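Worksheet: the structure to be examined is printed underneath.
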Amino acid sequence: MTEKEIFELIKKRLCTLREQNTKPIRVAINGIEGTGKTVFAGKLTEYLNSENINALQVSIDGFHFNKKIRYRQGQNSAKGYYEDSYDELAFVEKVLIASQAEIPTITEATHNLETDEYLSVKPIEIPNETVLITDGAYLFKPNYREYWDLKIYLKTSFAVAMDRGVERDQAALGGTEATKAKFINRYHKASQLYQQENNPEQLADIIIDNSDFHQLKVIKI
């Protein structure tokens, strides 16, 4: 299927959810590291807005812990990456729960990853009709799980995700071989822990095979 056809199917699901909800709809885009989640979420957000649906992408990357916490189990620890990367409870409180208040709000970030500083950002009000879209590798973990209105899982092999991740991150992580090592020893080992503990495909409402950007396949809808 084409990307647009996939987005049309998602829009139909969102329209059904809108009939049942008076508050912002919270959508999770999940998948292993390097699957293409951020690009997919951005394009979905753009498509929905083009269809006169008020969509807003909220990045989980604004809710990292600082390095002291992120690296307390070791800078290359997969378990540490899985358990200590994100302030999950802050994201739940300031986005997933706050968006359902009488006057819906979200806080866009609590941490600056580049400077490693914690932020004091004021919440912003959002319309009740908003669709909130968040992409992340661990969004079906128990801390988040009950708060999503729609859970989408993007599926690829680890090999495909590795190639994409290396292409994306090699400049920042010291070249091709260093980036491959990082994915093998930290990122993808962490994704394996996540899969073992949460079985995200079973939890997903929609599963899309994202192996070929030009020919997406719906596995579950």
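Conditions (1) in contact (Cβ under 8 Å) with a residue 60 or more places away in the chain; (2) of a type in the set (Val, Ile, Thr); (3) under 22 Å from Thr107 (Cβ atoms), marked per residue:
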| position | (1), (2), (3) |
| --- | --- |
| Lys12 | no, no, no |
| Asn21 | yes, no, yes |
| Ala28 | yes, no, yes |
| Gly36 | yes, no, no |
| Glu46 | no, no, no |
| Ala55 | yes, no, yes |
| Phe65 | no, no, yes |
Subset of segment 1-58 that is assigned to a loop (DSSP other than H, G, I, E, B), farther than 19 Å from Tyr138 by Cβ and not β-branched (Val, Ile, Thr) - its residue that is nearest to the chain's Cα centre (by Cα): Pro24
Residues (within 18 Å of Asp116 (Cβ to Cβ) and open to solvent by 20 Å² or more (accessible area, probe 1.4 Å)) located in segment 78-91: Tyr81, Tyr86, Asp87
Sole residue being more than 23 Å from Phe91 (Cβ to Cβ) and not β-branched (Val, Ile, Thr), chosen from Lys23, Lys37, Lys4, Lys43: Lys4
Residue list for segment 193-209, filter: closer than 13 Å to Gly31 by Cβ and part of a helix (DSSP H, G or I): Tyr194, Gln195, Asn198, Pro200, Glu201, Leu203
Restricting segment 164-200 to residues that are in contact (Cβ under 8 Å) with a residue 12 or more places away in the chain and of a type in the set (Ser, Thr, Tyr), the residue that is nearest to Ser77 (Cα to Cα): Tyr187
Answer residue from segment 175-202, given it is of a type in the set (Gly, Ala, Ser) and modelled with pLDDT of 95 or more and is nearest to Gly34 (Cα to Cα) among those: Ser191
Qualifying residue in segment 68-75 (condition: more than 23 Å from Lys189 (Cα to Cα) and either of a type in the set (Asp, Glu) or surrounded by 13 or more Cβ atoms within 10 Å (Cβ to Cβ) (or both)): no
Check on Glu108, touching a Gly at 6+ places or on another chain (Cβ under 7 Å), surrounded by 15 or more Cβ atoms within 10 Å (Cβ to Cβ) and in contact (Cβ under 8 Å) with a residue 40 or more places away in the chain: yes
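The values are calculated or read from the model by the stated rules, or taken from the named source; none is laboratory data. Bear in mind the structure is a predicted one, so any value in this text is a computation, not a measurement. All Cβ positions, even for glycine, are placed from backbone atoms using ideal geometry, and neighbour counts span all protein chains on display. Each accessible area value is taken on the protein alone, full model and side chains, heavy atoms only, with ligands, DNA and RNA left out. Shrake-Rupley method; radii C 1.70, N 1.55, O 1.52, S 1.80 Å.
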